[in-house]
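Novice: Structure below; questions to follow.
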Amino acid sequence: MSQLQETQQTWRSGLRLPAIILMAGLVLFAPAFVGSYSLHAVVIAMIFLLPALGLNLLVGYTGLLSLAQGAFFGVGAYASALLSIHFNTPFYVNVVSAGLISGALALPLGIPALRLRATSFVMCTLGFIVIGQAISKNWISLTRGDMGLSSVPKPYFALGPWSFSVVSTAAYYYLALAVAGLAILAFYLIVRSPAGRNMIAIRENETLAEAVGIPTWTYKLIVFVLSAIFAGVGGSLYVHYLTVVSPLTFQMYYTTTILIIVLGGGVGTISGVVFGSILFVALSEFLRVAPEIRMIAYGICLLLIVFKFPKGFAPVIDKVWSALGGQRA
Amino acid sequence: MLNLLGEQLLNGIVTGSVYAIVAVGMTMTFGVLRVINFAHGEYFMVGTFASWFVIEKFDLGYPQSVVFAVALTALLAIVVGYFLMRKMVGAPFENGVLATLGVSLILQNLAVALFGGSYKFFNGGYIEPVELFGYGLAQQRILIVIVCVLVFIGLDLMVTYSRMGKSMRAVSQNIECCEIVGIDVQSVVLWTFVIGASLAGLSGVLTAPVNVSVYGGMGELITFKTLPIIIMGGLGNVRGTLIAAMILGIAESFVAGFIGLQFRDSVGFVTLILMLMWRPHGLFSLQSRF
């Protein structure tokens, strides 16, 4: 509570409002002055923001460390690709179905998995990725195996007789921005709702939460499903942008990237995840770092997070934010 | 039919031996540290790469390359153990997961960055076939089984009789009491980890002539297969691990032989999930120790 008052007090003074306007302007008009490759980097970052928000909900608000985000991301990608290839459905149908299919899949997987504790849960969620990979490789009639699905249609919108496709990177930037913005809004609403407070209670002290009558297990299951929905939407956005999907989507690479965004950015905050996706995805994409070098950097970051910055790198941002508000951190 | 059955059984025992040598290190590390080492398979990969490298570049013989590979893996494990694993005594489980994942990423991609991502051909070992019970079997495979038996006899003796082994058992039971009676927990953790990782390296070199291909991502697959084994064997249980590894090896080889090769690698994870659901404490113990 005191933190909330503090925020309200400092809100009025200082340089925060100009900073917000500046950032909003930068975000809105980025395509006008940023090269198409940098724009591509930002689009990828915004796509990864979605599964990262889901994981953030899981880790940051219920304390569950899951590696299955990459699996649901892949499920969303495949679902969306198959829908648009076979039924030529408009983008909004794809996104919503991808989210719902991932969520629907998370329910039967989550019921047994959430009975497990700590490391067992981590191993089990790792299993979901491996199984996803095996299915995408071997269900050849549906997924075309290792060949993957290519030439997935670019997203198009149709309202009655009127329709248009999103083709250019700039157009996709606005689409991704809109979806990411909606996801952040959804995340904010979930976290600020009474349910969100219950989730925090579970994270802080599960036994106590249960003792005061919070159905902890049901909450965990709901959050697990919600995180899968976020990931599925992200996967849909990803596949329509790249227009290809293959079993490689179920590599550890994706899960690791999502994990590092959340943990490196700062668990349990929105700004942290946004910051994390810019730092770990946009920057490395922009600098064209080779994948293996990037993964080595991620590995070093994980070690730094464990041994030096247990709260991720977001506190650094908070310090800047406080300084803008005229405070000393 | 019977011939095929016997052949798959033999194959399974060989695969099981490979898994057993890797998994026993992981289970021992878990016993003293309560950390699932997601980087364990990478030491297997390091062993294979080290051996491949000295054979290709320095024209060393296979036996010398085995010594070099195990020594290098042990050295690496000492460094990782000293700076990371040792410090995870009593830390929350997330730290163990994340730090070992980090180590796994670093080692795996370092191998790719240094030697390229392509598959490499491993040229060495004893691949002459010999006749055994009417089945043709490469000498290397027989060697793997013999080494596995020796390793497990050695470990069993060590854990039962040596001072180090006794401290390991003590640490796996109660860390605080160990500290009170003067056991250096951190050093026990360090050396247990070094032994485990070196065994993984040894398994890597022994398997290389049979697997033939060497690539950066090979450790990940081994880690994935080690997980169901250590759960089946019961975490921290050395003898259980041997039996569990044999079960998985034989099951995989039967699935590969009778259902289809592409399903072989799924056996492990289906087993893992089923075990976690119904018997998270393993096949051989009545209740969970951890």
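Novice: With the crude spin-label approximation of a point 7 Å out along Cα→Cβ, what separation in nm comes out for B:Asp156 versus B:Met277?
Specialist: Roughly 3.4 nm, to one decimal.
Novice: Pairs of alpha-carbon atoms within less than 8 angstrom and 6+ residues apart define the contacts here; what relative contact order does chain B have, in percent?
Specialist: 37 percent.
Novice: Here is a further query. Sorting check: for B:263-270, B:218-225, which peptide has the highest mean count of neighbouring beta carbons within 10 Å, and how do the rest follow?
Specialist: Ranked from most to least packed, the peptides come out as B:218-225, B:263-270.
Novice: Would you mind getting me the FRET efficiency between B:Val149 and A:Ser141? Use the beta-carbon distance for r and R0 = 60 Å, nearest 0.05.
Specialist: The pair B:Val149/A:Ser141 has a calculated efficiency of 0.85.
Novice: Using the Kirkwood formula on the Cα atoms of chain B, what hydrodynamic radius do you get, in angstrom to one decimal?
Specialist: 19.2
Novice: Report the residues of the range B:41-69 in range of a label on B:Ile127: point 7 Å along Cα→C-beta, backbone N strictly under 19 Å from it.
Specialist: In the range B:41-69, the label zone of B:Ile127 (backbone N under 19 Å from the point 7 Å along Cα→Cβ) covers B:48-66.
Novice: Which whole number gives the average, over all residues in A:306-314, of C-beta atoms from other chains lying within 10 Å of the residue C-beta?
Specialist: For peptide A:306-314, the averaged partner shielding equals 3.
Novice: Continuing with the same structure: Compute the helix-to-body angle for B:62-83: its Cα long axis versus the longest principal axis of chain B, expressed 0 to 90° and rounded to tens.
Specialist: Roughly 30 degrees between the two axes.
Novice: A follow-up question, please. Please grab the % of Cα pairs in the range B:1-120 that end up more than 22 Å from each other.
Specialist: Details: 3321 of 7140 pairs.
Value for the range B:1-120 (Cα pairs over 22 Å): 47 percent.
Novice: So what's the angle, to the nearest 10 degrees on a 0 to 90 scale, between helix B:2-33 and the longest Cα principal axis of chain B?
Specialist: 20
Novice: Report, in degrees rounded to the nearest 10, the 0 to 90 angle that the Cα long axis of helix B:218-233 makes with the longest principal axis of chain B.
Specialist: The two axes meet at around 60 degrees.
Novice: In whole Å, what are the extents of chain A along the principal axes defined by its C-alpha atoms, from largest to smallest?
Specialist: 58, 51, 45 Å, listed from the longest principal axis down.
Novice: I've got another one for you. Pairs A:Lys311/B:Lys87; B:Lys120/B:Lys225; A:Lys308/B:Lys225; B:Lys57/B:Lys120; A:Lys154/A:Lys220: which are spaced more than 24 Å apart, C-alpha to C-alpha?
Specialist: On the way: A:Lys311/B:Lys87 18 Å; B:Lys120/B:Lys225 22 Å; A:Lys308/B:Lys225 31 Å; B:Lys57/B:Lys120 13 Å; A:Lys154/A:Lys220 35 Å.
Violating the 24 Å limit, Cα to Cα: A:Lys308/B:Lys225; A:Lys154/A:Lys220.
Novice: With θ taken as phi - 60° and the coefficients 6.51, -1.76 and 1.60, list the Karplus ³J(HN,Hα) couplings across the range A:171-177 in order, rounded to whole Hz; mark glycine and proline as x.
Specialist: 3J(HN,Hα) across the range A:171-177, in whole Hz: 5, 5, 4, 5, 4, 4, 4.
Novice: How many partner chain Cβ atoms sit within 10 Å of a residue's Cβ in peptide B:267-277, on average, as a whole number?
Specialist: 5
Novice: With a cut-off of 8 Å between alpha carbons and a minimum separation of six or more residues, what is the relative contact order of the range A:35-251 in percent?
Specialist: So the answer I get is 46 percent.
Novice: Let's test the formula: R0 of 51 Å, r as the Cβ-Cβ distance of B:Leu261 and A:Tyr37. What FRET efficiency results, to the nearest 0.05?
Specialist: Here the calculated transfer efficiency is 0.75.
Novice: Something else about it: Taking beta carbons within 10 Å but only from partner chains, what does the mean come to for residues B:89-100?
Specialist: Across the residues of B:89-100, the mean count of other-chain Cβ atoms within 10 Å is 5.
Rule-based calculations on the coordinates, nothing more; no lab input. It should be emphasised that the depicted structure is a prediction, and the values quoted were computed from it without experimental measurement. Here the Cβ is made from the backbone with ideal geometry for all residues, glycine too, and neighbour counts use every protein chain on show.
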